[in-house]
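J.: Here it is, the structure, as C-alpha cells.
Only the coordinates and a few stated rules stand behind these numbers; no lab work does. This is a predicted model, so every value here is computed, not measured. Methodologically, a virtual Cβ is constructed for each residue, glycine included, from the backbone with ideal geometry; neighbour enumeration extends over all protein chains shown.
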C-alpha cells in the first residue's frame, strides 16, 4: 500500500495542547449532555439483556466487507449499519439521535479541536479492544484511513482528501490537521462515519476482494454463522470492551441477532406473518391499513406502532436524469412536474394517507416553504437569486391542487405552456420539438406502489401528448442501473436531516455527477449549487446555517430536478409482542439498536 509524504505517522512527544479534551462535539453550539452524563436520554439503562431478534431485508449478499466497491450492493447487513447498528465495526465517536448533529465518545474517550476546526485529536479509550483481545491503537486508525484511500469505495476512499497530516500523539492519541479546503463538518464526518479496522488482522493486498471469512472488529458482536445470500447470524460478545461506557448503555441488548434475506418484499412480509422475522418497518399506507388482518395480530402476538419523529420530510420523487438531453431545459422539467396529479393518486391509490411534499426540509426550521427570503438569504444567494422563481423567493410557492379528476384542464394547460417555453408543442396529438422529435422517455420503477404511481402519471402525460413508458425491474437490476445512471427517470428518496452537510455534495454536487455509484441521480452540475453547499458546510452560526439551507432549498425547488411526491409524518413499524422499546422517542425517531427481547431472563 503506497504512503504519501504529507501523512506523517510519527510519535510526537511534547506536542503543545491547543485545546482541552472534550467529551462531545456538536456541529453548531455545544453538546446537550454534560461531561458526566451516564447514558443517552432515549435508552432504557436498566434493560435486561438477552434473547434474540431476527430482521428481514430484501436483497442478497456475497461478502462480509462493506467498505469495498465489489460489496456496494451485496454486503451482509449489520457489519456497519445505521439501521440495525454497527455490530462488528465502530467509529471513533457515536452520534446522538436526540440532537441535530452531536457526537460523544466511543473508541475515542475524548476529543480536542480548535475553534477554526483546523485540526482534531482523538484520544483513544485505553480499554478499547478488538474481538481477539488486542488493543485498538492510533496505528489502527491511521492504517484504516490509508487502506480505505487505496482499496475502499466511495465515500470511505475520500476520507483522507481534506487531511494535510495525521500524527500519533503520545500512547493513545491521533491528530488530524486539515487542508485549507477542509470544512467545518468534516471533523464530525471523520469521527462518526469512518470505521476503524485492525491493522494486525487485515491483509491490504486482499482487502478489495470479496470474502465470507468472519472479520475481527471492535464492536459488540461477532459473526456466528453465514449462509451466503440467505442469512447471517451475530452473537453478542460477553467481553465487549465498551458495554459500560455512557454512549453504549442501553444498546446491543440481544444475545443473538439474525438477518434473513428475501428476494421480494411480499415474501419478507409473509415471513413476518409466520414469525420468521420479528420486526417489519412498513412504508405503504395501503399496506399498513389493510394487510394486518391475520391471526397473530388478532391474538396480540403482533403489535403495530406509529412513531412521530421531529425530522424534516425529505423528498421522494420521479427524478429527471439531466444527463439525457430531453431534460436539459428547466421549463420542460417544470411542465412535466405539473402534469402529475397528486390529488387523484392520493385519493385513489392511497386512501388519502399522504401529504404532498413541496420542500426538501418541509416541517422543520430549515424549510423555505411559506417563508420570504430575508436579506441574509439574498446575500448568500447572490446572482443565483435570478434562478429562483418569484413565488419560491417570496414564500408563496405551492404545488397546485387539482380537482382530483386526473385530468384537470387548468393545470394541464399550465404544463403545456411551460413545455412550449422549453421548445415543445402538440402536433397531431403528440408533444414534439421543432424537428418533429417526440417528447418520450422511460421511468424505471422497483415496487408495486411505484408502478401504480407511474401508471397514473403515464395516463395524465398521454393527455398532453407525452409518451412515457414504464419498466419495473427487480432489486438487483434497479441498484445496478441506478449506480450506472442507466435510466431516463427513476423513483428515488432524498432523506433530510436537521444537519445537512457533505452528503449534499454526493447528491447534487458537480464532482459527483459522473462518479459511478454516487447519489447524484439527477446528474446536476451547477456552480451555484456547489457554492451554496460550500457555504452550508462553512457556516459557523446557527442563523447563517439555517439561512443557507433555506436558500439552498429554494435553488433545488426552482431547478425542478424531480417530480415531488409525498410524505407521511409518522414511522410505521410492526413487531412481535415480545420485542420492547424505550418510552422516550428521540429526535430522529425509533432506533432499533436500543430495542430488546422482553423474554430475556
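J.: Counting only DSSP beta bridges with both residues in the chain, what percent are antiparallel, rounded to the nearest 5? Intermediate values should be presented prior to the final figure.
T.: Details: 63 of 81 bridges.
The antiparallel proportion sits near 80 percent.
J.: Next question. Please arrange 482, 247 by how many other C-beta atoms lie within 10 Å of their C-beta, fewest to most. Intermediate values should be presented prior to the final figure.
T.: Numbers: 482 19, 247 23.
Ranking 482, 247 by Cβ neighbours within 10 Å, fewest first, gives 482, 247.
J.: For segment 315-567, what is the convex hull (Cα atoms) projected area averaged across all directions, in square nanometres?
T.: 13.1
J.: Percent relative contact order of segment 119-230, based on C-alpha pairs within less than 8 angstrom and at least six residues apart?
T.: It rounds to 32 percent for segment 119-230.
J.: Can you give me the Cα centroid spacing of segment 359-427 and segment 132-193 in angstrom?
T.: Taking the Cα centre of segment 132-193 as reference, the centre of segment 359-427 is 42 Å away.
J.: Oh, and also: Let me check against my output: what whole-number percent is the relative contact order of the chain, with C-alpha pairs under 8 Å and at least 6 apart?
T.: Across the chain, relative contact order equals 21 percent.
J.: Angle, helix 527-538 long axis vs. longest principal axis of the chain, Cα atoms, 0 to 90°, nearest 10?
T.: Between the helix axis and the principal axis of the chain, the angle is about 30 degrees.
J.: On to the next question. Taking Cα atoms, how many degrees apart are the long axis of helix 409-421 and the longest axis of the chain, rounded to 10 and kept between 0 and 90?
T.: 80
J.: Quick check on the exposure proxy: order 460, 432 from fewest to most C-beta atoms within 10 angstrom.
T.: Values: 460 24, 432 17.
Ascending Cβ contact count within 10 Å gives the list 432, 460.
J.: Which peptide among 514-523, 497-506 comes first, and what is the full order, when sorted by highest mean count of other Cβ atoms within 10 Å? Write down the numbers at each step before the final one.
T.: Values: 514-523: 18.5, 497-506: 20.4.
Highest-to-lowest ranking by the protection proxy: 497-506, 514-523.
J.: Can you put 364, 359, 96 in order, fewest other beta carbons within 10 Å first?
T.: Ascending Cβ contact count within 10 Å gives the list 364, 96, 359.
J.: Test of understanding: extend the Cα→C-beta vector of residue 118 to 7 Å, then name every residue of segment 539-582 with backbone N under 13 Å from that spot.
T.: The answer is none, because no backbone nitrogen lies closer than 13 Å to the label point.
J.: Could you let me know the centre-to-centre spacing of segment 226-240 and segment 278-304, using Cα atoms, in angstrom?
T.: Segment 226-240 and segment 278-304 have Cα centres spaced 27 Å from each other.
J.: To the nearest 10 degrees, how steep is helix 138-151 against the longest Cα principal axis of the chain, on a 0 to 90 scale?
T.: Its long axis makes an angle of about 40 degrees.
J.: Right, another one. Please compute the contact order of segment 315-567 in relative form: average sequence separation of alpha-carbon pairs under 8 Å and at least six residues apart, divided by the residue count, as a percent. Numbers along the way, then the final one.
T.: Values: 433 pairs, mean separation 88.1, N = 253.
With pairs under 8 Å counted, the relative contact order is 35 percent.
J.: Per the Kirkwood treatment, what hydrodynamic radius in Å, one decimal, follows for segment 433-547 from the mean inverse distance over all distinct Cα pairs? Don't skip to the answer; put the middle values down first.
T.: Values: mean 1/r = 0.0607 Å⁻¹.
About 16.5 Å for segment 433-547.
J.: Report, in whole Å, the centroid distance computed from the Cα atoms of segment 570-584 and segment 487-556.
T.: 33
J.: In cubic angstrom, how much convex hull volume per residue do the alpha carbon atoms of segment 42-100 span?
T.: It comes to 143 Å³ per residue, whole-number rounded.
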